[in-house]
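The values are calculated or read from the model by the stated rules, or taken from the named source; none is laboratory data. Owing to the predicted nature of the structure, the values given are computational and were not obtained by experimental measurement. Cβ coordinates were reconstructed from backbone atoms using ideal geometry, including for glycine residues, and neighbour counts include every protein chain displayed.
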Amino acid sequence: MTTVAAHLAEALAEHGVTQVWGVVGDALNPVTDAISREERLSWVGVRHEEAGAFAAGAQAQLSGRLGVCMGTVGPGSVHLLNGLYDAKKSHAPVLAICGQVPRADIGSDAFQEVDNDVLFADVADYCATVNDPSQLPRVLEQAGNTALAGGGVAVITLPGDVGDLELPEGTPPTRFAAPRPTPVADEACLREAAVALHEARTVTMLVGTGARDARAEVLALAERLQAPIVLTLKAKEVLEHDNPHGIGQAGLLGNPATTQALDACDVLLMVGTDFPYPAYLPEHATVVQVDARAAHVGRRTKVHHAVVGDAGDALRRLTPLVGEKPDDAHLRSALATYDGWRAEQARLADPSYRPGGPVRPELLAAAIDRHAAADAVFTADTGLATIWLSRWAAMGAGRRLLGSFNLGSMANAMPQALGAAALDTDREVVAWCGDGGLTMLLGDLLTAVAEDLPVRLVVFDNGRLGLVKVEQQHEDLAEHGTGLPQPDLAVLARALGMHAVHVDSAEDVDAAVAEAFAHPGPVLIDVAVDPEATPED
């Protein structure tokens, strides 16, 4: 005989889950006890459940397996929501186990009672409450399979008197199914798209993370089309390196070359991207969109030729149907503009730029890129930290990149770094933190210390919500409400037991980053960067 909690723990371990993130308490005490008895699982107690959900989402994105977090009755479950929404919008398979008041008290407005099925209805692809032990195997299997198949969130609620109950004798163990295969593109749709590409004078490609397994196919088609490649931020990690057609990102992260290439194309070929900023897309180009998710097609801009299917398979079949373009003027012009812009940016990362002045964030970003390991995992806070990473982190073949790139939440970089570091403590993990983001979930610095997770937390400390300041400037508004008066974050981190350094001189940045990255345990680098620096400098 086995209990509900033990069955749950065994199923997660068999799937390959190694950590469960959350805050212990009442309704879920049987589950945490079962986790403690399962040698393949470890419990990571965070200081805020939101951090646990972010960490679980990071692990899901890096591993492809379920990330698992827990929140107990009422407020503990409510605290999971923001991290779960990030997982949903990042297509990360995450399972949340939530507590509930005992079954007899449900519906009585009991202390801490919250209707989890209603609470999680929008964020979860699957949500169910287990009221009888015999339900658990089916509910758990459906939850895991739904999250894995769709790359989304599943929520299982356990009332406080259910976890210790025994399952019926002979209940088989729960096993999760393999994710469903991606669709194969229709031949007629491919041929129509090929005609549009063949007849175009100029083609620009906008490529996203949906093409992460189609690197060779993307580059082969770009060569045939003589097309510049604009990468979404999430596609940097697989398509930026050794890419003779790459010209960086579009939008606020971007540069004059991407604007030029998008504005000048006759055909825009979108591959594996749900790029969420339609204002940056060309208004008069013919659009071909290749995506495995039919729901993505046409929701950002009008699409003239839709190809629904796996990117690699679709491009392999599409490329022979398109004639080679002899004129590379469109590509050469975009690359020349990109090279000129990068040369101008390089000046900002020179320690001799404005000697004696405040540290330029570009200088710090370049130092991180220079000293980080070739296979480092980077996480980035939403805001200016993401922009500096986008422009300065060279994503070689071994590096990975995580951020709240679809939800746009603050405070994600540090907890995502915790999740990544716990998944593989031998791999370097670097969080590009804003001071606003870090201080929002500051308590979970203690999690890094308690678990001895070797994260490198680099704070671009400009004393304000920097991107909000930029937004206010764009709207011709006076800066208001963006200031973040706070103590020296390095002193605070040291008080919490973490190795930390503070830097406020450009001449000291490189050595400080090198020293901090050599430290074996968790470390925080607080760098006072120029509060007036913007991406438009």
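Here are some notes:
- For R347, the conditions (1) modelled with pLDDT under 95; (2) among the basic types (K, R); (3) under 24 Å from the mean Cα position of the chain (by Cα) all hold with the exception of (3).
- Considering (1) of a type in the set (D, E, K, R); (2) outside any loop (DSSP other than H, G, I, E, B); (3) more than 30 Å from G83 (Cβ to Cβ); (4) at pLDDT 95 or above, the lone condition that K302 does not fulfil carries the number (2).
- Filter pass, L402 being touching a residue at least 24 places away in the same chain (Cβ under 8 Å) and part of a strand (DSSP E or B): yes
- Within segment 96-124, being farther than 14 Å from H79 by Cα, aliphatic (A, V, I, L, M) and outside any loop (DSSP other than H, G, I, E, B) holds for A104, V118.
- The C-beta contact set for segment 261-289 (first residue in contact (Cβ under 8 Å) with a residue 24 or more places away in the chain and closer than 17 Å to A185 by Cα, second residue of a type in the set (V, I, T) and assigned to a helix (DSSP H, G or I), distance under 9 angstrom, 6+ apart or interchain) comprises V271/V218; G272/T209; G272/V218; T273/T209.
- Qualifying residue in segment 162-177 (condition: assigned to a loop (DSSP other than H, G, I, E, B) and under 30 Å from L268 (Cα atoms)): no
- Restricted to segment 111-146, and to residues there that are of a type in the set (G, A, S) and in contact with a helix residue (DSSP H, G or I) (Cβ under 9 Å, 6 or more places away or on another chain), the residue that is surrounded by the most Cβ atoms within 10 Å (Cβ to Cβ) is G144.
- Answer from R180, R224 - the residue that is surrounded by fewer than 22 Cβ atoms within 10 Å (Cβ to Cβ), at pLDDT 95 or above and basic (K, R): R224
- Highlighted here are the helices (runs of 4 or more DSSP H) found entirely within segment 438-526 that include at least 3 residues which are at pLDDT 95 or above: 445-451, 489-495, 506-517.
- Any hit, segment 32-46, residues being under 21 Å from S90 (Cα atoms) and of a type outside the set (F, W, Y): no
- With respect to the stated conditions, L384 is in contact with a Gly (Cβ under 6 Å, 6 or more places away or on another chain), among the hydrophobic types (A, V, I, L, M, F, W, C) and in contact (Cβ under 8 Å) with a residue 60 or more places away in the chain.
- Only listed residue being crowded, with 19+ Cβ neighbours inside 10 Å, out of contact with any Phe, Trp or Tyr (no Cβ under 7 Å at 6 or more places or on another chain) and over 21 Å from A216 (Cα atoms), chosen from Q249, Q260, Q289: Q260
- Residue in segment 238-261 that is nearest to the chain's Cα centre (by Cα), counting only those that are modelled with pLDDT under 95 and assigned to a helix (DSSP H, G or I): V238
- Here segment 78-95 is the region considered, the condition is being closer than 12 Å to L119 by Cβ and in a loop (DSSP other than H, G, I, E, B), and the residue that is farthest from the chain's Cα centre (by Cα) is H79.
- Lone unmet requirement of (1) crowded, with 24+ Cβ neighbours inside 10 Å; (2) in contact with a Pro (Cβ under 8 Å, 6 or more places away or on another chain); (3) under 21 Å from A55 (Cβ atoms) for L418: (2)
- Enumeration of residues in segment 56-77 that are touching a residue at least 40 places away in the same chain (Cβ under 8 Å), farther than 21 Å from R175 by Cβ and either assigned to a helix (DSSP H, G or I) or acidic (D, E) (or both): G57, A58, Q61, L62, G76, S77
- Pairs, first in contact (Cβ under 8 Å) with a residue 40 or more places away in the chain in segment 107-128, second in a loop (DSSP other than H, G, I, E, B), C-beta under 6 Å, six or more apart: E113/V101; V114/G74
- Residues being within 27 Å of the chain's Cα centre (by Cα), over 15 Å from A431 (Cβ atoms) and surrounded by fewer than 17 Cβ atoms within 10 Å (Cβ to Cβ) - total across segment 497-530: 3
- Odd one out for R191, checked against (1) crowded, with 16+ Cβ neighbours inside 10 Å; (2) in a helix (DSSP H, G or I); (3) not acidic (D, E): (1)
- Flag for M1 being at pLDDT below 95 and under 21 Å from V139 (Cα atoms): yes
- A264 passes every criterion in (1) touching a Gly at 6+ places or on another chain (Cβ under 6 Å); (2) at pLDDT 95 or above apart from (1).
- Against the conditions (1) free of Cβ contacts under 8 Å to residues at least 60 places away in the same chain; (2) farther than 30 Å from Y280 by Cα, G150 satisfies every one except (2).
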